[in-house]
Amino acid sequence: MDTAGHVPYERFERILPDTDLFLYDIKCISSGLHRQYTGTDNSLILENYQKGHRTFEIDFSVTSDNVLAGKHDWDLVIQDGAQTGVVPTSEEFLSLPIYGKYTPITIEDICILLSEYPDMWIVTDTKNTDTESVKNDIQLIVQAATELGLENVLDRIIIQIYNEEMYYVVEDIHSFDNYIFTLYQRWEGKAAEF
């Protein structure tokens, strides 16, 4: 179940017997920022998180020096000193706090978090579908876990794929336990009709 989690817990309880996984798409941990960017409070979301739902989607983009960064894309400027459309180095990305106070992260940081929080899972969102970019993204994930000696965290990374070919490209690099097949890129109609 892909959800923002913005519902009373009782609604989750009704579908728990039929649901394997709740995927949370948390926009902001900060209540003020959450209200600013989504128009609603995040207290229900955080309350449900505290009750044990720990799967998060993380957007990834590659820095100019080929590091997988926790960033939606390089067009959205949320770091003072960053420039729209300019792909920074990993050092530049990591040196600029998000909204002036939040710590930017890379795949290495995420692997460490996964090792520290064994009930945490992530879903990748790389947005790439071309074979070479997909290969690079997956190689960076596997390389980060391997170099840190944390190969076991790969079992809690759910790879998001957008087409059948991506599955085979990923499997050639590493056989992940879990995948999520996202369909919106296959839709040929209007987005509102999806």
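The values are calculated or read from the model by the stated rules, or taken from the named source; none is laboratory data. Just so you know, these numbers come straight off a predicted model, no measurement behind them. Backbone-built Cβ (ideal geometry, glycine too); neighbour counts: all protein chains shown. Just the protein is used for accessible areas: all its heavy atoms, side chains included, with ligands, DNA and RNA removed. Shrake-Rupley method; radii C 1.70, N 1.55, O 1.52, S 1.80 Å.
Which of (1) under 18 Å from the mean Cα position of the chain (by Cα); (2) within 19 Å of ASP65 (Cβ to Cβ) is the odd one out, the single condition ILE161 does not satisfy?
(2)
Can you tell me which residues in the range 122-133 are under 15 Å from GLY70 (Cα atoms) and open to solvent by less than 50 Å² (accessible area, probe 1.4 Å)? Talk me through it step by step, then tell me what you get.
Within the range 122-133, the first condition is being under 15 Å from GLY70 (Cα atoms), and the residues that meet it are 122-128.
Correct list: ILE122, VAL123, THR124, ASP125, THR126, ASN128.
I'm told ILE112 meets every condition in (1) at pLDDT 85 or above; (2) surrounded by 13 or more Cβ atoms within 10 Å (Cβ to Cβ); (3) part of a loop (DSSP other than H, G, I, E, B) except one. Can you identify the failing condition by its number?
(3)
Can you say whether PHE93 is in contact with a Pro (Cβ under 6 Å, 6 or more places away or on another chain) and outside any loop (DSSP other than H, G, I, E, B), as far as the supplied structure shows? Spell out how you get there, then give the answer.
Values: in contact with a Pro (Cβ under 6 Å, 6 or more places away or on another chain): yes; outside any loop (DSSP other than H, G, I, E, B): yes.
Spelling it out, PHE93 is indeed in contact with a Pro (Cβ under 6 Å, 6 or more places away or on another chain) and outside any loop (DSSP other than H, G, I, E, B).
Every residue, every condition in (1) surrounded by 13 or more Cβ atoms within 10 Å (Cβ to Cβ); (2) in contact (Cβ under 8 Å) with a residue 24 or more places away in the chain; (3) within 16 Å of the chain's Cα centre (by Cα), yes or no:
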{"site": "VAL62", "(1), (2), (3)": "yes, yes, yes"}
{"site": "VAL67", "(1), (2), (3)": "yes, yes, yes"}
{"site": "GLY70", "(1), (2), (3)": "yes, yes, yes"}
{"site": "VAL86", "(1), (2), (3)": "no, no, no"}
{"site": "THR89", "(1), (2), (3)": "yes, yes, no"}
{"site": "PRO97", "(1), (2), (3)": "yes, no, no"}
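Does GLY81 qualify as being over 27 Å from GLN139 (Cα atoms), assigned to a loop (DSSP other than H, G, I, E, B), open to solvent by 60 Å² or more (accessible area, probe 1.4 Å) and modelled with pLDDT of 80 or more? Don't jump to the end; show me each part of the working.
Numbers: over 27 Å from GLN139 (Cα atoms): yes; assigned to a loop (DSSP other than H, G, I, E, B): yes; open to solvent by 60 Å² or more (accessible area, probe 1.4 Å): yes; modelled with pLDDT of 80 or more: yes.
Taking the combined requirement at face value, the residue satisfies it.
Across the range 134-186, which residue is nearest to SER90 (Cα to Cα) among those that are among the aliphatic types (A, V, I, L, M) and open to solvent by 70 Å² or more (accessible area, probe 1.4 Å)?
Of the residues in the range 134-186, the ones among the aliphatic types (A, V, I, L, M) are 134, 138, 140-142, 144-145, 148, 150, 153-154, 157-159, 161, 166, 169-170, 173, 180, 183.
Checking the rest, the ones that are also open to solvent by 70 Å² or more (accessible area, probe 1.4 Å) come to 148, 183.
Details: LEU148: 18, LEU183: 31 Å.
By that ranking, first place goes to LEU148.
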